[in-house]
Each structure stands twice: as C-alpha cells, then as structure tokens.
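Working notes, beginning with the structure itself.
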Amino acid sequence: MPDRPAVLFVCLGNICRSPMAEGAFRAAAEAEGLEVAIDSAGTGGWHQGEPPDRRARDTARRHGVDISGLKVRKVRAEDFSRFTHVLALDHDNLADLRRIRPAGAPAEVRLLADYIPGRAGEAIADPYYGGQADFERVWADVTAAAKGLVAALKAR
Ligand code: 4NP
C-alpha cells in the first residue's frame, strides 16, 4: 500500500468521464498543494492508446484544463495495490471493479459521487451519446467530487 494517496478514476471507455475526473482532480490537488498520484482507466479496452474523446478534451479546455496528453488504458489487477483509492464513475463500473479486484487488495473501491455532498451512491452519467450540455454536467460533477476528495485526502 503506498504511503501517500494515489487515486485511480475508472469509467467504461476511459475517453469521457474518467479522463475529465483525472483532469479536474489534478487541478484541484495542485491548487490545494496536495501530493497525490493520479491516473484513470477503463473497464473496457476498445479505445486503448487513444487520447480522450474530442468533446471531453474541449470541455476540459473550456475550464482551463488540458487533458489532451492522456492515453486510454484498461484497468488491471495490480491497480488495486498501486492505488489507495479506485473510484468508479457509475454502478456498472463499480460492479466490474469489485469483480476484477484481487482478494485482499487494499484499495478503497467506491463511487466517485460519494465525495459530492448529498450525492453519495449516485452515478455520474455517461455523456457518450449526449451533447455538450451532458459533457458540461460531467465537468461540474467531477469538479464537485474533486473538491470533496481533496478535502477528504487532506484530512486523512
Ligand atoms: P466513458 O464513455 O465511459 O465516460 O469513457 C464511453 C466511452 C465509450 C463508450 C461508451 C462510453 N463506448 O461504447 O465505446
């Protein structure tokens, strides 16, 4: 188990929600001076090696965050010992993570929205078949979660 916090954000494709969560959380952690390792991954492997979806990149850029250098990868068993927190964007992702997780692996596995006050247990909706408003909603959600997560990790 690493000493300092290490957070992995996980969605289905690793092209929309989890790279936006990674970018929003990196910005929030830097702003608060929190030292933390950060990555994102997908439960599905269709887009491996690709950058985030253009709409996710554009949304992050509108909010001053560059996620264009990120590359899709699939979640793997060792992630559950390399990261202190493995955070799912929705309930399907969470169920998949619980299935993949090796027995006894130390990472805390839960929903990202658990860190948004009043929204524990909720999903962050997949914007893939949506429009710009859906991507903006994801950005607002992952930014709110990033703030709560930074506060929780600072109190750790
Ligand atoms: P994400 O969105 O899980 O937020 O990255 C999706 C990306 C790709 C697909 C579905 C959702 N897909 O079916 O390829």
Next item on the list: Hey, can you tell me all the residues within the range 34-70 that are of a type outside the set (A, V, I, L, M, F, W, C), open to solvent by 50 Å² or more (accessible area, probe 1.4 Å) and either away from the ligand (no atom under 16 Å from the Cβ) or farther than 11 Å from MET20 by Cβ (or both)?
Entry: GLU35, GLN48, GLU50, PRO51, ARG54, ARG61, ARG62, HIS63, GLY64, ASP66, SER68, GLY69
Notebook entry, point to check: Exactly one of (1) buried (at least 17 other Cβ atoms within 10 Å of the Cβ); (2) under 19 Å from ALA41 (Cβ atoms) is unmet by ARG98. Its number?
Noted result: (1)
Next item on the list: Show the residue pairs that are 6+ apart or on different chains and have beta-carbon atoms under 8 Å apart, the first residue being within the range 1-15 and open to solvent by less than 70 Å² (accessible area, probe 1.4 Å), the second being modelled with pLDDT under 95.
Entry: PRO5/ARG156; GLY13/TRP46; GLY13/HIS47; ASN14/HIS47; ILE15/HIS47
Notebook entry, point to check: How many residues does the range 2-19 hold that are more than 8 Å from the ligand (Cβ to nearest atom) and either at pLDDT 95 or above or on the phi > 0 side of the Ramachandran plot (or both)?
Noted result: 6
Margin query: ARG73 - would you say it is of a type in the set (D, E, K, R), open to solvent by 10 Å² or more (accessible area, probe 1.4 Å), more than 10 Å from the ligand (Cβ to nearest atom) and within 30 Å of ARG99 (Cα to Cα)?
Written below: yes
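The values are calculated or read from the model by the stated rules, or taken from the named source; none is laboratory data. Because the structure is a prediction, the values reported are computed rather than measured. Please note: Cβ atoms are built from the backbone with ideal geometry, for glycine as well, and neighbour counts cover all protein chains shown. Side chains are part of the model used for accessible areas, which takes the heavy atoms of the whole protein and leaves out ligands, DNA and RNA. Shrake-Rupley method; radii C 1.70, N 1.55, O 1.52, S 1.80 Å.
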